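Below is one structure, written out as structure tokens; comments come after it.
The values are calculated or read from the model by the stated rules, or taken from the named source; none is laboratory data. The model shown is predicted, which means the values in this text are computed figures rather than measured ones. Every residue, glycine among them, receives a Cβ derived from its backbone with ideal geometry; neighbour counts consider all protein chains shown. Please note that ligands, DNA and RNA were not included when accessible areas were found on the heavy atoms of the full protein model with its side chains. Shrake-Rupley method; radii C 1.70, N 1.55, O 1.52, S 1.80 Å.
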Amino acid sequence: MIRSTARTILKVGTKALLTSGFLLVSLPVANAAGRLTDFQCLVEAIYYEIGFGSMEERLAVGAVIMNRVNYSKTRTTICAVVHASSTNKDGRKTCAFSYHCSASKTYANIRNTYVKQMCEYAALGSIEGAVPAGLSMAISFHNDSVVPYWANKLRFVRKIGTHLFYEAAQ
């Protein structure tokens, strides 16, 4: 659950967010260099991976991303984690988060403002350290309609909604 106060100013990067039950002020579309901020990258990932799910599911996705940022030796920003991709030996692009392989699924293309706002709440909670029970070390997840090749290499932690969450095998 996200901590709630009557009125709080949260600092995210170099921007401040004013909250009082509703997100009153949001971050700009891009930073001075024209790139998405880490907050926006987290909102984008939560929106496209789980946007219409429950708040617990949104926070769970946020926790996975924050865990990857915190435990990665090479990807130390949220944007680097969610936009990570590589080219396989067939020459096809593979993405750490499936939505990122679709050119139309960008922060600028988020249209459902209510769901976007809920994803912003989840992103703020994730940045502040909100983690659903059992997911403090979760590093991967997938929808229950697929079985990715890596699933048997990780330890299943829990299912939330239609998503299964995993942590590194011990």
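What's the number of the condition ALA80 fails, among (1) open to solvent by 50 Å² or more (accessible area, probe 1.4 Å); (2) out of contact with any strand residue (DSSP E or B) (no Cβ under 9 Å at 6 or more places or on another chain); (3) free of Cβ contacts under 8 Å to residues at least 24 places away in the same chain? Among (1) open to solvent by 50 Å² or more (accessible area, probe 1.4 Å); (2) out of contact with any strand residue (DSSP E or B) (no Cβ under 9 Å at 6 or more places or on another chain); (3) free of Cβ contacts under 8 Å to residues at least 24 places away in the same chain, ALA80 violates only (1).
With respect to being touching a Pro at 6+ places or on another chain (Cβ under 7 Å), crowded, with 20+ Cβ neighbours inside 10 Å, of a type in the set (A, V, I, L, M) and in contact (Cβ under 8 Å) with a residue 12 or more places away in the chain, ALA63 fits the description.
Is it the case, given these coordinates, that ALA123 is of a type outside the set (Lys, Arg) and either over 21 Å from ALA168 (Cα atoms) or assigned to a helix (DSSP H, G or I) (or both)? Here the answer is yes, as ALA123 does meet what is asked.
Given the structure, is THR94 out of contact with any strand residue (DSSP E or B) (no Cβ under 6 Å at 6 or more places or on another chain), among the polar types (S, T, N, Q) and open to solvent by less than 70 Å² (accessible area, probe 1.4 Å)? So THR94 fails the test. Residues in region 48-60 that are open to solvent by less than 30 Å² (accessible area, probe 1.4 Å) and either at pLDDT 95 or above or charged (D, E, K, R) (or both): GLU57, ARG58, LEU59, ALA60.
Number of residues in region 126-170 that are of a type in the set (D, E, K, R) and in a loop (DSSP other than H, G, I, E, B) equals 1.
Okay, residues lined up against (1) open to solvent by 30 Å² or more (accessible area, probe 1.4 Å); (2) without any contact (Cβ under 8 Å) to a residue 24 or more places away in the chain:
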position	(1), (2)
VAL69	no, yes
SER86	yes, yes
TYR99	no, no
SER104	yes, yes
ILE110	no, no
PHE165	no, no
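Among the conditions (1) of a type in the set (D, E, K, R); (2) under 18 Å from THR162 (Cβ atoms); (3) in contact with a Phe, Trp or Tyr (Cβ under 9 Å, 6 or more places away or on another chain), GLU56 misses just one, which is (3).
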